[in-house]
Each structure stands twice: as C-alpha cells, then as structure tokens.
1. Based on DSSP H runs of at least 4 residues, each adding -39500 (n - 2.57), what is the mean residue ellipticity at 222 nm of the chain after dividing by all its residues, to the nearest 500 deg cm²/dmol?
2. Taking square-rooted eigenvalues a ≥ b ≥ c of the alpha carbon gyration tensor, is the chain rounded, prolate or oblate, where a/c under 1.5 means rounded and, failing that, a/b exceeding b/c means prolate?
3. Just want the answer: with Cβ charges of +1 for Lys and Arg and -1 for Asp and Glu, which residue in G222, V205, V75 is farthest toward the dipole's positive end in the chain?
4. With a 1.4 Å probe and all protein chains left in place, how much accessible area per residue does the stretch 1-135 have, in Å²?
5. Sort the stretch 72-160 into rounded, prolate or oblate with this rule: let a ≥ b ≥ c be the square roots of the eigenvalues of the Cα gyration tensor; rounded if a/c is under 1.5, and if a/c is not under 1.5, prolate when a/b is larger than b/c, oblate otherwise.
6. For the stretch 192-201, in order, what is each residue's ³J(HN,Hα) by Karplus, 6.51 cos²θ - 1.76 cosθ + 1.60 with θ = phi - 60°, in whole Hz (x at glycine and Pro)?
7. To the nearest 20 debye, what is the magnitude of the charge dipole of the stretch 4-241 about its Cα centre, counting +1 on the Cβ of each Lys and Arg and -1 on the Cβ of each Asp and Glu?
8. Count neighbours as other Cβ atoms within 10 Å of each site's Cβ, and list the trypsin sites (Lys or Arg not before Pro) in the stretch 56-90 that are DSSP loop with at most 13 such neighbours.
Amino acid sequence: MGSVHEYIVEKLGRGEKLHFTLIDPDKPGDIERISSLMIDAGTDAFLIGGSLAVTPEEASRVAKTLRRHGVPVIVFPGNINCLTPYADAVLFTVLVNSLEPYYLMGAQVAGAPIVKKYGLEPLPTAYLVLYSGTAVAHVGRIAPVPANKPEIAVAYALASEMIGMKYIYLEAGSGAVSPVPPEFPAAIKKHTRLIVIVGGGIRSVETVKTLLRSGADIIVTGTIVEKDPRLATDIVRAVKEF
Ligand code: 1GP
C-alpha cells in the first residue's frame with residue numbers, strides 16, 4: 001500500500017468525496033460480510049476504533065480481516081490500545097477540545113514510538129468532539145462547542161492548521177442524537193485548507209448530501225454499518241455519486 005494521505009488527496013483532487021467505514025472491534029458482528037457489503041457499495045477506507053474495551057489483539061484481528069479488501073485500513077484510536085501493525089495508517093489525533101492533558105499530548109507521546117515501530121503512516125488530525133452525552137465526550141473530557149457557534153470550531157481549525165495538522169475530524173459522537181451541523185464544515189472550509197472528516201449520528205442519505213454540499217470531504221459511518229447495512233450502503237453510494 002502506497003501513501004494513504006496521497007490516496008486521499010488524489011481522490012479529492014479528482015473532485016471525489018470519500019466514505020470511511022468505521023468498525024469497532026469491541027462490537028464485531030459479522031465483519032467479513034459487513035465489510036464486503038461496504039466495499040461493493042464503494043467505501044474508500046476502513047477505520048478501526050472504539051472509545052472503550054478494544055484490545056490490541058482485537059484490533060489486529062479486525063485489521064487482518066479488513067486489509068484483504070485492498071483499501072486503506074486506518075486506526076482511529078480511542079487510545080494506544082487500538083494500535084496494530086496490521087493497519088496501513090493511523091489518524092494521529094489530538095483531541096483539541098479535551099480538558100485532559102493525556103488526550104492533548106500524553107497519548108501521543110505514549111503512542112508515537114509504537115506508531116514508528118509498527119511502520120504506520122500518521123495522518124495528523126485535529127479531533128474536535130462537539131457534543132456531550134456520548135462515550136467519546138465522556139472518556140475524552142471535552143469542552144463542548146455550542147451548536148450555534150461554528151466560529152469556535154473555525155478557531156480550533158485555524159490553530160490546528162497553523163500547527164501543521166492536515167485533517168480535522170468533526171465528531172458528533174458515535175450514535176449521537178444529532179449529526180454535526182452543516183454550518184461547521186462550511187465555516188472551516190471557508191477559512192482553512194484542512195481536509196474535513198465528519199462523523200457521528202449520520203443516519204440518512206439526506207444528512208449526508210447536506211454535509212457534502214456544505215464542504216465535508218470525508219463521511220464516516222459506524223453504528224448504522226452494524227445496525228442497518230442496507231442504509232449504510234445507500235449512504236456510501238450517495239457519497240460516491242455526489
Ligand atoms: C464515531 O464518527 C464516528 O467516531 C461514527 O459515528 O457510529 O454514529 O456512525 P456513528
């Protein structure tokens with residue numbers, strides 16, 4: 001596998017939007033079947049991650065299964081326990097609105113030597129968790145961003161871009177009641193050149209189209225991949241036909 005960042009940039013450069021399928025190793029389901037369905041629909045990559053209870057063995061088992069499909073397998077780590085040498089890359093995240101030093105630099109320092117040892121390609125990503133009330137918000141001890149204040153997200157995005165990040169992941173939280181408001185990707189695209197990933201609570205084709213129109217580059221779905229694979233494949237097709 002060549003550079004995952006180049007793979008993403010080339011697709012975006014051709015005017016494509018991307019879809020990433022999130023698989024939580026702690027909720028395995030029938031990964032072989034689900035991943036094949038998502039590949040057939042056109043998903044561009046797999047993310048592996050979860051906020052709780054992922055062991056390195058589970059992450060490796062899932063990565064080995066997913067890599068057979070030939071698209072990038074990217075660790076989306078809730079913590080360093082999600083790292084596996086069987087992935088291609090890692091969203092090397094800073095949880096930028098965490099109040100907890102561990103998620104701002106502690107986990108990165110603990111994880112970086114392992115990322116190096118495993119030969120994973122780091123994709124430098126500002127991770128902005130917008131809402132309370134989800135597992136990632138609780139574990140990551142975030143300061144929520146008011147839904148009517150996209151300018152706060154823009155300030156995080158600008159700071160992240162100035163530091164050297166390439167991606168921003170706007171996260172509503174897995175299973176969130178409401179997805180990210182479209183004003184957020186729109187404002188960030190207006191003010192930065194960051195690649196905008198959006199995920200959390202996405203359950204309809206209409207939401208996806210709205211987010212893509214507002215400037216989102218990459219759409220992530222997790223929960224519905226397990227709960228409603230047919231809807232999940234409809235969403236992938238909507239992204240790829242956009
Ligand atoms: C969570 O953004 C992802 O990190 C996906 O969220 O499970 O709600 O699709 P869902």
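The values are calculated or read from the model by the stated rules, or taken from the named source; none is laboratory data. All values reported here derive from a predicted model rather than from experimental measurement. Glycine also receives a Cβ, built like all others from the backbone with ideal geometry; neighbour counts cover every protein chain displayed. The accessibility values were calculated without ligands, DNA or RNA, using every heavy atom of the protein model including side chains. Shrake-Rupley method; radii C 1.70, N 1.55, O 1.52, S 1.80 Å.
1. The helix contribution divided over the chain gives -12500 deg cm²/dmol.
2. Judged from the Cα gyration tensor, the chain comes out rounded (a/c under 1.5).
3. Checking the options against the dipole of the chain, the answer is V205.
4. Solvent-accessible surface per residue comes out at 42 Å².
5. Prolate is the answer for the stretch 72-160, as a/c is 1.5 or above and a/b outweighs b/c.
6. Along the stretch 192-201, the couplings run 9, 9, 5, 7, 9, 9, 10, x, x, x Hz.
7. Here the size comes out at about 240 debye.
8. R68
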